[in-house]
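Where a number appears in this text, it was derived from the coordinates with a stated rule and is not lab data. Here the structure is a predicted model, which means the values were calculated and not measured. Virtual Cβ from ideal backbone geometry, glycine too; neighbours counted across all protein chains shown.
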Amino acid sequence: MNKRSMVRVIAASALLAALLAGGAGGTEGENMLPLDKLSIRIIYDNIDPEEGFEAQWGFSCVIGGADKTILFDTGGKGDVFMNNLAEAGISPSDIDIVVISHEHWDHIGGLGAFLEKNPEVEVYVPASFSKEFKEGVKGSCSGLVEVKAPVEIIPGVYSTGDMNGPVREQSLALVTDGGVVVITGCAHPGVDRIVEKAVDVTGENVLFIMGGFHLRGAEKTRLDEITSVFDKCGVRYCGASHCTGDESIEYFMERYGDRYVRLGAGRVIRGTDFDRF
Ligand SMILES: [Zn+2]
Ligand SMILES: [Zn+2]
């Protein structure tokens, strides 16, 4: 056997081992979240608030229906974040895990105020976050987890990993028995790349993509390009908010029609809202 075919045999057996160990990145069903139990509560958003909630620039939501309750991002202003959280009927002690998408003020702003009330949480941040930020958080929570590669945070809940882009960012991919739900902060690496990454990491199609898409002033050709990637990845439902931009939001509303999901502080998105395909 020459050297090249030897390499090929080794590569093939590594692939076989990976497949036997649970699929090449696939979830094999055992860790899927029941879609019917999923709930996503928007805590912080700058558009379209529910009564009693304050709209300010930034994004945050709380995810229920997995083994642990996850806070994703914390908005821009600590007091607004804490008030909106209370308005949603969520106590800081209800949260088990915090995931921060990227190091922009409008996503990390409420973290300090939150950790003062509940320091007993693990905080997941992209490994590329500044040393100052990481040092500060490390001393005020039960554990700081630096994310580089994609990782399963708890059963059925994945981080896309620390993705490159104009700003480095991680997004969440929730694997449910109805498809993957992807949640972005600002989607600086590109919302299309994030959706593709979620498929790659979970081995499943995406049912619903939501969050900030960072598409202010985007050309229609760019939006068409994004939705064709969404189509390819199986996306059926879409909810765009925060930094997506009014005109781009209108584009997605038109494109998805009654499968467009409105976000805005105070809204609750339930797995039972979705049709299964
Ligand atoms: Zn933002
Ligand atoms: Zn941002």
Legend entry - Extension gain from residue 275 to residue 258, taking 0.36 nm per residue of separation minus the Cα-Cα distance: 5.0 nm
Inset, instruction - Once you've got the Cα coordinates, tell me which of 68/138; 148/197; 77/131; 131/197; 148/220 are over 24 Å apart. - result: 131/197; 148/220
Inset, instruction - Can you tell me the FRET efficiency between residue 219 and residue 47 if r is taken as the Cβ-Cβ distance and R0 is 30 Å, rounded to the nearest 0.05? - result: 0.85
Inset, instruction - Give, as ranges by residue number, the residues of region 94-131 whose backbone N falls under 13 Å from the point 7 Å along Cα→Cβ of residue 146. - result: 125-131
Legend entry - Assigned charges on the beta-carbon of Lys, Arg, Asp, Glu; region 29-273 dipole about Cα centre (debye): 280
Inset, instruction - Using a Gaussian network model of the chain whose springs link C-alpha atoms within less than 10 Å, name the residue from 177, 79, 48 with the highest mean-square fluctuation. - result: 79
Inset, instruction - Could I have the simple spin-label model distance between residue 134 and residue 164, label points 7 Å from Cα toward Cβ, reported in nm to one decimal? - result: 1.8
Inset, instruction - Check each of the trypsin sites (Lys or Arg not before Pro) in region 187-251 and keep only those in coil by DSSP with at most 16 other C-beta atoms within 10 angstrom; list them in order. - result: 216
Inset, instruction - Under a 10 Å cutoff between Cα atoms, tell me which one of 213, 59, 114 has the largest fluctuation in the Gaussian network model of the chain. - result: 114
Legend entry - Selection from 82, 170, 98, by position along the positive dipole direction of the chain (Cβ): 170
Legend entry - Antiparallel DSSP beta bridges within the chain, as percent of all bridges there, nearest 5: 50
